[in-house]
Amino acid sequence: MIQRRLLSSVGGRMIEEAKKLAGYAAVNNHVKNNQALGIGSGSTIVHAVHRLAERVKQENLNVVCVPTSFQARQLILQNGLTLTDLDRHPELDVAIDGADEVDSDLNLIKGGGGCLTQEKIVAGCAKSFIVIADYRKDSLSLGEQWKKGIPIEVVPMAYVPVAKRLASRFGGVAELRMAVSKAGPVVTDNGNFLLDWKFDKVHNWSTVNTAIKMIPGVVDTGLFINMAEKVYFGMEDGSVSIREKSEH
């Protein structure tokens, strides 16, 4: 039992270090003075924001940050960074965010934390969308590593018909995401519900993403297709692996 705990602790530290490596590399390579930045959500982004705060202090950088969630907003403020929004900065220079899974074509599954719509809006406003992740998120095909399904944000009154439509058209099963520490479903920052669609085969993700978004009641999907420019993976051996968008 003690040995298992030790292994788990070592594994946890390795994953955390890998997240830090990816976050630091992205901030070091893509953040410059006088930029408007999109700040993503999740555990990996915490390291990126810490590095950003260090660079702002050390280099006296003038940057403003647009959050993708309440968590990101709090991170920005706690680290003494300048908070702004898309009303004031509708065009961003760079957006940095994590991912639940990345395939060989740089398609992403995002939204495990429930912020997918705001994350997609912010990423879509950026000239450059940079993704940071640890080695566990790297896959050849979506669904290889991430088994919790593709999150889909839906208007509450539509969750049953949307779930039925998803299963009948594309297979698999779509489940309403339930909260852990409270009774009832998870509610997003936008006041909506989340379906987790557990697909049972590999699809043409661009086609499926468009089709899902056309279902009445769907707000957006956790499929980020043709959006990421570059992905930084923190690796087990302490290196950083970079995957770039191929030109074709």
Across the range 21-31, what is the total count of residues that are open to solvent by 30 Å² or more (accessible area, probe 1.4 Å) and within 13 Å of Leu92 (Cβ to Cβ)? 0
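Considering each of Val202, Val187 in turn, give the residue that is in contact with a strand residue (DSSP E or B) (Cβ under 8 Å, 6 or more places away or on another chain) and in a loop (DSSP other than H, G, I, E, B). Write out each step before concluding.
Values: Val202 fails: in contact with a strand residue (DSSP E or B) (Cβ under 8 Å, 6 or more places away or on another chain).
Being in contact with a strand residue (DSSP E or B) (Cβ under 8 Å, 6 or more places away or on another chain) and in a loop (DSSP other than H, G, I, E, B) holds for just one of Val202, Val187, which is Val187.
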Taking Asp97, is it of a type in the set (D, E, K, R), without any contact (Cβ under 8 Å) to a residue 60 or more places away in the chain and either more than 21 Å from Glu153 (Cα to Cα) or in the same structural domain as Leu21 (by the TED database) (or both)? yes
Restricting the range 201-215 to residues that are surrounded by 11 or more Cβ atoms within 10 Å (Cβ to Cβ) and modelled with pLDDT under 95, the residue that is farthest from Ser141 (Cα to Cα): His203
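In the set Phe193, Phe129, Phe170, which member is within 27 Å of Leu86 (Cβ to Cβ) and without any contact (Cβ under 8 Å) to a residue 60 or more places away in the chain? Show your work before the answer.
Details: Phe129 fails: without any contact (Cβ under 8 Å) to a residue 60 or more places away in the chain; Phe170 fails: within 27 Å of Leu86 (Cβ to Cβ).
Unique residue meeting the criteria: Phe193.
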Among the residues of the range 184-207, which ones are closer than 26 Å to Ser128 by Cα and under 19 Å from the mean Cα position of the chain (by Cα)? Thr188, Asp189, Asn190, Trp205, Ser206
Out of all the residues in the range 180-187, is one or more open to solvent by less than 30 Å² (accessible area, probe 1.4 Å) and either among the charged types (D, E, K, R) or within 27 Å of Lys127 (Cβ to Cβ) (or both)? no
Does at least one position in the range 4-16 carry a residue that is crowded, with 18+ Cβ neighbours inside 10 Å, out of contact with any Pro (no Cβ under 8 Å at 6 or more places or on another chain) and outside any loop (DSSP other than H, G, I, E, B)? no
Taking the range 104-141 as the region of interest, how many residues are within 29 Å of Pro185 (Cα to Cα), charged (D, E, K, R) and out of contact with any strand residue (DSSP E or B) (no Cβ under 7 Å at 6 or more places or on another chain)? 1
Subset of the range 224-247 (residues that are of a type in the set (A, V, I, L, M, F, W, C) and more than 29 Å from Arg13 (Cα to Cα)): Ile225, Met227
What's the number of the condition Lys164 fails, among (1) open to solvent by 80 Å² or more (accessible area, probe 1.4 Å); (2) in contact (Cβ under 8 Å) with a residue 24 or more places away in the chain; (3) of a type outside the set (S, T, N, Q)? (2)
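How many residues are of a type in the set (Val, Ile, Thr), within 17 Å of the chain's Cα centre (by Cα), within 20 Å of Ala18 (Cα to Cα) and open to solvent by 10 Å² or more (accessible area, probe 1.4 Å) if we restrict to the range 221-241?
We begin by selecting, within the range 221-241, every residue of a type in the set (Val, Ile, Thr); these are 221, 225, 231, 240.
Subsequent filtering for residues that are within 17 Å of the chain's Cα centre (by Cα) retains 221, 225, 231.
Pick out the ones that are also within 20 Å of Ala18 (Cα to Cα) and you get 231.
Filter once more, so that each one left must be open to solvent by 10 Å² or more (accessible area, probe 1.4 Å): none.
Count: 0.
The values are calculated or read from the model by the stated rules, or taken from the named source; none is laboratory data. Everything numeric here is computed off the predicted structure, so don't read it as measured data. Backbone-built Cβ (ideal geometry, glycine too); neighbour counts: all protein chains shown. When the accessible area is computed, the model is the full protein with side chains, heavy atoms only, and any ligands, DNA or RNA have been set aside. Shrake-Rupley method; radii C 1.70, N 1.55, O 1.52, S 1.80 Å.
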